[in-house]
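Asker: There's a structure below that I have some questions on.
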Amino acid sequence: MVLVKASQPITKDKLIPRIMFMGVPSTDMTFIRHKFGLDGVLEVSNEWQDKLTIGLIEFGYSPTVELYEDRKAEIVAYRLVFKYGTKTYRIWIYFKFRDDPYKVKITIQGELPIKGELKLPFIYPQLNTVKRKLVKNKCLWYGTFDPTSPNIPLTGVGVDYSDVDGARFDEANNKMVFTVNTVFRLDPSTVGTSTASVATRFPFQRKTFFASGLHWAFYSDGANMVYRTSSDGVTWSSATTIRTCADAREFSIWFDGTYVHYVYCRVLTNQPIYYRRGTPNSDGSITWPLAEQIARAGASATRYENVFVTVDSGGYPWIGYLYYWLNPIEPELPDLSARVTKSSTNDGTWVVASGFPYILNDLDQAWAVTVVPLTNLRIYAIYAYDNAPILGRLWTGSWGSEETASSYNISGFGRYHSVVAEGDDVHLVYHRITANEIRYCKRTYGVGWGTDTLVQSGVTSTSVPVLSLDASNSELYCFWAGSPTVDYIYYKKCVAGTWDADPTILVASIISLTTGQDNQTYIFGTLYRGQSFTAKHSDTLPTVRLYLRRAIGTDPVDLTIYIYNADEQGRPVGSPLATGTIPSFTDNSFAWRTCNFASPASLTKDNIYCIVATAPTGDGNNCYTWGFDGTSPPYTEGNVVYSTDGGATWVVRTDWDNLFEVWMDGPLTANDTLTCFYKDYSGKIGLLYMTQTASPYNVRYAFLTVVVVVAYPGSTAHVQMAKMIIDE
């Protein structure tokens with residue numbers, strides 16, 4: 001996204017179908033006109049002269065208003081800038097014309113100095129018996145209404161704010177109000193694709209950060225090490241290639257607050273370890289003053305693995321790695337060791353410092369090494385191998401004695417750990433082998449390692465934890481995937497040494513009920529069948545799968561599948577959010593049938609939705625059945641609904657659940673593909689992960705914006721983000 005500041009008001013039309021019937025658009029088109037003023041006021045109108053004015057957002061301060069446009073991406077944006085004390089705050093309001101074929105998506109993001117509310121005022125040119133407003137189902141509508149059916153608009157424009165957590169409409173003052181949260185989630189987004197299932201491994205290696213106003217994500221596309229950037233964590237740039245790299249475990253990234261550093265080594269014999277330093281720029285480019293430096297020369301019958309790069313407080317780069325010598329005389333007795341090397345220069349060149357490379361431990365094991373910076377040029381090295389306690393060693397200008405960091409044995413060949421430093425203290429999380437636990441331990445400088453504490457029990461054998469630090473208030477965030485629910489990503493926060501009792505869902509990639517079918521319900525003609533569900537995170541919904549069979553007949557009968565908003569009992573409301581087709585089939589055995597939506601539905605965390613299956617051309621001689629659990633269905637966040645009159649009325653069965661799968665971008669590729677920020681940057685903690693189980697794999701991104709402490713009596717600052725749709 002390249003936004004250019006505008007000096008004149010901007011007028012932009014959105015073309016939409018004149019009529020939508022059962023989710024099917026007409027070919028006859030009309031328009032919704034948007035007039036963006038330089039003062040932050042937006043006029044939305046249509047060809048029938050319905051006009052709704054959206055005023056400048058209110059939040060208790062007087063901002064400077066700037067108008068921007070990216071014509072290529074079809075994005076218009078307001079930037080509101082104000083000062084509080086010595087700090088400058090910014091709020092962005094993005095109007096995205098491409099995100100939906102029939103709507104304009106609005107994203108509001110930014111910072112406020114204290115807790116409060118954002119208020120969006122609405123102005124109507126006239127209100128009378130002909131022109132009036134209607135607020136219903138989190139939708140504001142202004143226009144002409146049918147005099148015989150006062151809740152049915154004939155023409156108009158409006159705003160659907162059902163996509164905004166905690167939003168309400170203040171009818172007395174005609175203002176939409178968004179409640180500010182201290183921690184919120186941004187919708188996960190797809191960064192890019194890769195032909196490699198290891199595009200973001202391993203979790204202990206860092207591959208993402210925030211700098212120069214941009215989110216940065218590094219991964220392997222299957223052939224090269226590439227990166228992409230995003231100003232909002234949603235819309236991503238095209239990929240920039242850095243070098244060849246088919247496997248992301250061969251590189252590691254570190255951002256020191258000014259420079260980005262990477263280390264790369266191909267996992268083959270006689271391959272060198274390369275190091276490079278660059279400057280990340282606000283336009284998404286990286287300035288590389290020098291070519292790659294050889295940090296460790298390749299050697300015959302020798303390979304280096306699990307490379308990790310960091311930078312100490314003086315700007316000097318360090319690299320941890322596994323040294324692996326393949327003994328040509330006795331191949332069954334290779335020489336392995338945990339090693340670390342350091343440069344004596346801090347200008348982007350690499351000159352091996354005296355006394356390096358250093359052997360941390362020469363036991364013949366497949367080591368993984370993480371090195372983290374402390375203060376005053378001090379470094380702490382963590383190193384581990386499979387099914388053994390984690391070890392550590394302090395550097396203060398010389399190496400201290402070896403220390404045992406963990407109380408239990410680690411899994412994943414020593415790689416299933418994550419480390420951050422806070423001042424001179426060290427925080428460590430790891431996956432305990434056999435017990436399948438995520439555990440935490442802390443090293444206090446001058447004291448040593450404390451006792452392990454449990455973060456999460458009962459995880460999978462590959463639920464690798466990744467750790468990040470909110471440096472503003474010393475809070476830790478631990479992320480992992482796959483448990484308690486498959487294809488979910490969770491996190492817990494640690495405050496003053498105490499971890500959350502229950503995990504918080506960050507991403508729910510698949511919501512499903514896949515077992516327990518003991519009955520079936522028919523679908524044909526006006527017999528519609530539905531299953532409600534609750535979205536666990538905000539995302540798009542491209543695919544659902546239903547457990548179906550052909551009950552009777554062989555004539556061609558397609559199934560039409562809809563996604564609707566639902567009321568608290570799971571009944572569909574409003575117009576379809578997405579429409580798709582399951583082609584006719586004649587197999588009379590139950591099987592999973594897939595429906596892909598050409599225009600995916602946008603779902604909001606904690607909202608209820610309904611899948612509706614119909615076969616309008618079917619009859620009693622040509623029909624389908626949907627398998628359901630009518631005895632003791634375990635899914636508690638939805639239920640069966642059905643209609644016998646083509647959707648005019650609905651019956652609710654809270655004691656039934658149809659078998660279904662909702663793919664919020666599909667299954668996770670693996671639980672050990674997570675990698676996150678080392679610490680928060682500008683109050684943000686980002687996370688990379690992967691979805692899909694066959695090429696092309698999706699590289700996905702989600703982030704938290706965390707509390708930022710400011711000098712305000714008795715309060716803390718935070719960021720509020722809201723999303724809504726202008727409904728046309």
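Asker: Could you say whether any residue in the range 363-370 is closer than 30 Å to Ile438 by Cβ, touching a Ser or Thr at 6+ places or on another chain (Cβ under 9 Å) and of a type in the set (A, V, I, L, M, F, W, C)?
Answerer: Yes, the conditions are met somewhere in the range 363-370.
Asker: Now for a different question. Of a type in the set (Phe, Trp, Tyr) and part of a strand (DSSP E or B) - does that describe any residue in the range 570-588?
Answerer: no
Rundown of residues vs (1) crowded, with 21+ Cβ neighbours inside 10 Å; (2) of a type in the set (Val, Ile, Thr); (3) in contact (Cβ under 8 Å) with a residue 40 or more places away in the chain, yes/no style:
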position: Asp386; (1), (2), (3): no, no, yes
position: Pro389; (1), (2), (3): no, no, no
position: Thr396; (1), (2), (3): no, yes, no
position: Gly400; (1), (2), (3): no, no, no
position: Asn409; (1), (2), (3): no, no, no
position: Val419; (1), (2), (3): yes, yes, yes
position: Asp424; (1), (2), (3): no, no, yes
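Asker: Here's another thing I want to ask about it. Collect the residues in the range 645-679 that are part of a strand (DSSP E or B) and not charged (D, E, K, R), keeping them in residue-number order.
Answerer: Val651, Val652, Asn658, Phe660, Val662, Trp663, Leu668, Thr675, Cys676
Asker: Could you figure out which of (1) over 35 Å from the mean Cα position of the chain (by Cα); (2) more than 30 Å from Asn473 (Cβ to Cβ); (3) part of a loop (DSSP other than H, G, I, E, B); (4) not small (Gly, Ala, Ser) isn't true of Ile359?
Answerer: (3)
Asker: Oh, and also: Give Leu80, Leu140 a once-over and let me know the one that is over 16 Å from Gly158 (Cα atoms), at pLDDT 75 or above and in a strand (DSSP E or B).
Answerer: Going through Leu80, Leu140 in turn, the sole match is Leu80.
Asker: Give the residues of the range 304-319 that are on the phi > 0 side of the Ramachandran plot and either among the hydrophobic types (A, V, I, L, M, F, W, C) or outside any strand (DSSP E or B) (or both), sorted by residue number.
Answerer: Across the range 304-319, the qualifying residue is only Gly315.
Asker: Looking at Thr554, Thr579, Thr594, can you tell me which residue is in the same structural domain as Gln520 (by TED's automatic domain parsing) and touching a Lys or Arg at 6+ places or on another chain (Cβ under 8 Å)?
Answerer: When all the criteria are applied, what remains is Thr594.
Asker: I've got another one for you. Could you figure out which of (1) outside the structural domain of Phe202 (by TED's automatic domain parsing); (2) at pLDDT 90 or above; (3) of a type in the set (A, V, I, L, M, F, W, C) isn't true of Ala601?
Answerer: Going through the list (1) outside the structural domain of Phe202 (by TED's automatic domain parsing); (2) at pLDDT 90 or above; (3) of a type in the set (A, V, I, L, M, F, W, C), Ala601 breaks only (2).
Asker: In this structure, is Thr302 assigned by TED's automatic domain parsing to the domain that holds Thr345, polar (S, T, N, Q) and crowded, with 22+ Cβ neighbours inside 10 Å?
Answerer: no
Asker: If you take just the strands (runs of 3 or more DSSP E) that sit entirely in the range 176-273, which of them hold at least 1 residues that are at pLDDT below 95 and within 23 Å of Asp539 (Cβ to Cβ)?
Answerer: 189-194, 208-211, 214-220, 224-230
Asker: Have a look at Ser407, Ser461 and point out the one that is farther than 25 Å from Leu704 by Cβ, in the same structural domain as Asp672 (by TED's automatic domain parsing) and part of a loop (DSSP other than H, G, I, E, B).
Answerer: So the residue among Ser407, Ser461 that is farther than 25 Å from Leu704 by Cβ, in the same structural domain as Asp672 (by TED's automatic domain parsing) and part of a loop (DSSP other than H, G, I, E, B) is Ser461.
The values are calculated or read from the model by the stated rules, or taken from the named source; none is laboratory data. For clarity, every value in this text was computed on a predicted model and none was experimentally measured. Cβ atoms come from the backbone with ideal geometry, glycine included; neighbour counts cover every protein chain shown.
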